[in-house]
Amino acid sequence: MTFVKLLPAVSALALVACSVGPNYVPPLPAANAQAPLLTASAPVSDAQTPGQWWKLYDDPVLDGLVGDALAANTDIRVAVARLDRAKASLRGARSDLLPQTTLSASPAYGRLPSDQRLPGTKRNDWQVDAGLDVSYELDLSGRVRREIEAAHGDVGAAAADVDAVRVSIVAETIGAYVEAASAAEQIKVAQSIVALLDHSVGITQKRLDAGRAERLDVVRLATLADQRRAEIPPLIAQREAALYRLAMLTGRTPDALPSVATARDTTPEIRQLIPVGDGGTLLARRPDVRAAERRLAANTARIGVATADLYPRIVLGGSIGQSSTGFSNLFGGGPLRWLLGPLISWNFPNQSAARARIAEARADRDGSLASFDGAVLRALQETDTALSAYAQSLNRRQALKTAHDDAARASRIVQARQREGQVDYLTLIDAERTDAEAAAALAQSQYAVASAQVDLFRALGGGWQEAGTDAGGGWAGK
């Protein structure tokens, strides 16, 4: 029987072939998991979160820094390399659907015994053996198809991991930029407070020289000024650390950060309603949820790969070759050998090892399902926590703004009364200390609000869509 005559039988077997193991069905989160998010009275909207959410800041410098981070960050490069590896594994799995061919040749120079040498041939000559081997596995149990399915899941999980790193890097880049700008703003506030207190110390010293104040008044004001001055170096260190981190995130050395990135001294803030969408879109957008779902798909397919070991594996093989003395006779029409036939392998009757691998695959699938459920719960918890923290940071800032306005008003009243001699300097010092503390607290609350906004967008899982992804199919939050 020739290989051509075998083709109809091969086609018939391929048609009746099926894939063993469970067919994957994407899990559906609970209905309440896809409901509107608990906004905790936060100023947000149910509009969809934009992919490039940092553009809501309307800051070209920040846009450039985020672009640099997405292009050059080392963590993203590592994640992309892992994705490329997963894609290569998928290509390798797909190749098993095709016939496997091996071309071999083994030339060797030597001497044949006289009784083995043909008349008229050289005693010392090349001995050449060349051949072509072809094999094709009849995927009757669907083992190869399940391996491809598992590889697809691995690619999707790796792609989602890349997206997760992008989300993290975008949030960290914006967080570092916000922290550096906020520290610069707090430094500016602290310096203005110190300048005001130094001015008060100078005026009080003049009053002391004129005999209209006590030495204790000067000492108390100077002490307060020195205390506020001591708060500046930690803020400078905080700002420099944030800038160094920003340089690292954007793939630069610390001294290579452009000066335009260090110039801002006001805290960036998104002043419009933050679009958060609902639970369903959140779960479809979060890379960690998508990665967990893709790993679940891959491990479900691996149950089929393990189950296929319970059934016979049939490989159709063919070989053609020729041996000759000397290179000139290799294609000279000499004796030609060929073989054609199936190779059947089956681990039977002892299938304990195969069934153990099936049990391992099922355990991996169950673990992946638990990880997916945990990822869903974690996404909702992180988002609701971030929404609550954002709302409370706004409430705190509003309270501190009111307190600062009251403290500034009280300080002006006390200053006027002190000039008129109605209050002593101790009262003035207390009023200025209260004003300084309120101003510093308000500046810190500005950073808390901006940081809470970054944390909220990190929890929402945006920031990877415009960078491109290969999700590999699968669950879409439906």
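We did not get these values from a lab; they are worked out from the coordinates using the rules stated. Bear in mind the structure is a predicted one, so any value in this text is a computation, not a measurement. Positions of Cβ are generated from backbone atoms using ideal geometry, with glycine treated the same way; all protein chains shown enter the neighbour counts.
Points to keep in mind about this one:
- Where only DSSP H runs of four or more residues are counted, the chain gives -21500 deg cm²/dmol as its mean residue ellipticity at 222 nm, each run worth -39500 (n - 2.57).
- Around the Cα centre of the chain, unit charges on the Cβ atoms of Lys, Arg, Asp and Glu (plus for the first two, minus for the last two) sum to a dipole of about 1280 debye.
- Candidates per chymotrypsin sites (Phe, Trp or Tyr not before Pro) in the stretch 304-396, loop by DSSP, up to 14 other Cβ within 10 Å: Phe331, Trp346
- For Ala213, distant residues with modelled amide H under 5 Å away: Leu208
- Semi-axis lengths, Å, the stretch 334-397, gyration tensor of Cα atoms, sqrt of 5 times eigenvalues: 60, 20, 6
- For the stretch 192-238, the direction-averaged projected area of the alpha-carbon convex hull comes to 3.0 nm².
- Per-q log10 I(q)/I(0), the chain, q = 0.09, 0.10, 0.13 Å⁻¹ (Debye; single scatterer per alpha-carbon; no solvent): -0.82, -0.91, -1.17
- The residues neighbouring Arg228, those whose beta-carbon lies less than 14 Å from its own, together hold a net charge of -2 under the Lys/Arg +1, Asp/Glu -1 convention.
- Label-to-label distance for Leu208 and Thr223 is 1.3 nm, based on points extended 7 Å past Cα in the beta-carbon direction.
- Both numbers refer to the Cα atoms of the stretch 149-201; Rg and Dmax are 22.7, 77 Å.
- Segment Ala47..Thr101, full-extension length gain: 13.9 nm, with 0.36 nm per residue of separation and the alpha-carbon distance subtracted.
- Euclidean distance of C-alpha centroids, the stretch 404-458 and the stretch 208-229, integer Å: 20 Å
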